[in-house]
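So the structure is just underneath, and the comments pick up after that.
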Amino acid sequence: MKNTLHVEVLLKTETSANIANLEVAVLLELRNIKPIIPETIHNTFSSAELTHFVKQIQVCEIENALDDENQSFFNETENQILDLDTYTIKVYFFKLDDSGLADDATSEDNTCKMRRCILPNVDFCGIWDSLIFQEPVKEILMHYALTGMNFARHNVDTNIISYNRLILLHGPPGTGKTSICKALAQKLSIRLSKHYKFFEFIEINSHNLLSKYFSESGTLVMSMFQKIREVLEYGDSLVFILIDEVESLTRARESVLSGTEPSDSIRVVNAVLTQLDNLRKYSNVIFLTTSNVTEAIDTAFTDRADIKMLINPPQELAIYTIFKAAIDELIRVELIVNVNESDKFDRLPVGKEFTNSATQQLFEISKESVGLSGRVLKKLTFIAHSIYIRAPQCNGIDEFLSALLKAVRYQKRQDDSINKVK
Ligand SMILES: Nc1ncnc2c1ncn2[C@@H]1O[C@H](COP(=O)(O)OP(=O)(O)OP(=O)(O)O)[C@@H](O)[C@H]1O
Ligand SMILES: [Mg+2]
């Protein structure tokens, strides 16, 4: 059986194209792109039709069965030049909604209980590609969710085969849990566009939900869930519900029991849990939940989650990739100048020898950075520039790498002193 190559085509919002014709043009164009490499984006085309209708063509991943559970994302044969005849090519067309994630506009009161947006959305663009994990986290989540929706479309009896379409991601702060949820929803809205007419993303913040003012009124909870039900019942939709920091629901319950919260709020917590349970009867909803702690989460969630995935801070290869992307960006916008061709980083610092000293140095810095969260790592090139370059432009890779190393050490010192205070 041939492996599948996935290709995503972003259409210009103002145009309406004949998709069947366009697919033929895309397949022809792919043969003109030489060499064709997975995980690359193309935005200039030889065909006038594509230039008119298409903003970008992204050659995405090759789908291989993950038969070896130790198989790493980094072992995959990315960067290889593909022979298209040996692949089944799947093309997905999509447009981006540009209204962004916003407070629920239909809310009659001032309490902001949920934020929502149409998918695919401009706000979530590029998040999927920017998240780097050493383990195949993204791939597992995507296949899990696709399988869940496939079972749902085939009306598999959930009394016989249980699946709840509830994903729980837990792990330390800043490891990308919320971001993966958004990116996954975006990805699925692109990949499942033939099966559903529209996609919506709803974000419920447990903190807001339980805020004093809100918890005083159970009817507000009900009205929020009523709105969600309306979306679920409206035609052919697939709805993603993100419940961030789900542990606060549990904490609230505990504080009621210990007498530090008014007992009224337990009714609200219970109402929320019951309402969530009721929503699960709809087959067109996927729950994405996140937490910084696992022990404290109510079994109401942990038991129902089909997938509980621990998201760890990135390890050295993932860190290398995050740094490399950031430095490449600074080179692209000419904030690092005088970069020699021979200083180009290897895609990954693996293999017998490093191609150049820049790759080696960056890998050493990456090793020293282990323990920092993805959130911090993404800021480090900025910190390096602001504290240790202090000039509009950085002159050459060596200068930047030495600033980056100082920034890593600076950050670790900061983290240590915060931990000591704690
Ligand atoms: N593995 C990673 N690769 C690339 N970027 C990452 C990674 N982990 C985190 N980030 C970046 O860090 C920032 C914070 O991520 P996010 O808010 O999703 O983390 P979180 O796990 O939800 O944190 P918290 O537990 O504090 O809510 C985002 O900009 C995200 O892109
Ligand atoms: Mg988060």
- Query: Assuming Ile387 fulfils every condition listed in (1) β-branched (Val, Ile, Thr); (2) more than 24 Å from Ile132 (Cα to Cα); (3) in a loop (DSSP other than H, G, I, E, B) apart from one, which condition is it?
  - Reply: (3)
- So which helices (runs of 4 or more DSSP H) stay within segment 244-356 end to end and still have 2 or more residues that are of a type outside the set (A, V, I, L, M) and at pLDDT 80 or above? 264-279, 316-332
- Note on the structure: Reported set for segment 169-186 where residues are of a type in the set (A, V, I, L, M, F, W, C) and more than 11 Å from ligand 2 (Cβ to nearest atom) is Ala183, Leu184, Ala185
- Using the structure shown, decide if Asp343 is over 28 Å from the mean Cα position of the chain (by Cα) and either farther than 29 Å from Leu141 by Cβ or not assigned by TED's automatic domain parsing to the domain that holds Val269 (or both). yes
- Query: Scanning for something buried (at least 21 other Cβ atoms within 10 Å of the Cβ), more than 22 Å from the chain's Cα centre (by Cα) and not aromatic (Phe, Trp, Tyr), does segment 188-209 turn up at least one residue?
  - Reply: yes
- Message: Can you list the helices (runs of 4 or more DSSP H) lying wholly within segment 145-232 that have 2 or more residues being at pLDDT 95 or above and of a type in the set (Lys, Arg)?
- Response: 177-191
- Within segment 166-176, is even one residue of a type outside the set (S, T, N, Q), buried (at least 18 other Cβ atoms within 10 Å of the Cβ) and touching an Asp or Glu at 6+ places or on another chain (Cβ under 8 Å)? yes
- Task: Confirm whether Lys138 is of a type outside the set (A, V, I, L, M), in contact (Cβ under 8 Å) with a residue 24 or more places away in the chain, closer than 19 Å to Asn64 by Cβ and touching a His at 6+ places or on another chain (Cβ under 7 Å).
- Result: no
- Message: Quick check on my filter: what residues within segment 346-363 are without any contact (Cβ under 8 Å) to a residue 24 or more places away in the chain and within 31 Å of the chain's Cα centre (by Cα)?
- Response: Asp346, Gly351, Phe354, Thr359, Gln360
- In segment 153-180, the residues that are closer than 16 Å to His143 by Cβ and within 16 Å of ligand 1 (Cβ to nearest atom): Ile167, Leu169, Ile180
- Task: Please verify whether segment 346-357 includes one or more residues that are in the same structural domain as Leu273 (by TED's automatic domain parsing), more than 20 Å from Phe133 (Cα to Cα) and away from ligand 2 (no atom under 16 Å from the Cβ).
- Result: no
- For Leu380, are the conditions met, namely being in contact with a Leu (Cβ under 8 Å, 6 or more places away or on another chain), at pLDDT 95 or above and more than 18 Å from Val337 (Cα to Cα)? yes
- Task: Kindly state which strands (runs of 3 or more DSSP E) lie completely within segment 1-112 and contain at least 1 residues that are modelled with pLDDT under 85 and acidic (Asp, Glu).
- Result: 54-63
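The values are calculated or read from the model by the stated rules, or taken from the named source; none is laboratory data. As the structure is a prediction and not an experimental result, all values here were calculated from the model. A quick note on method: Cβ atoms are made from the backbone with ideal geometry, for glycine too, and the neighbour counts reach across all protein chains shown.
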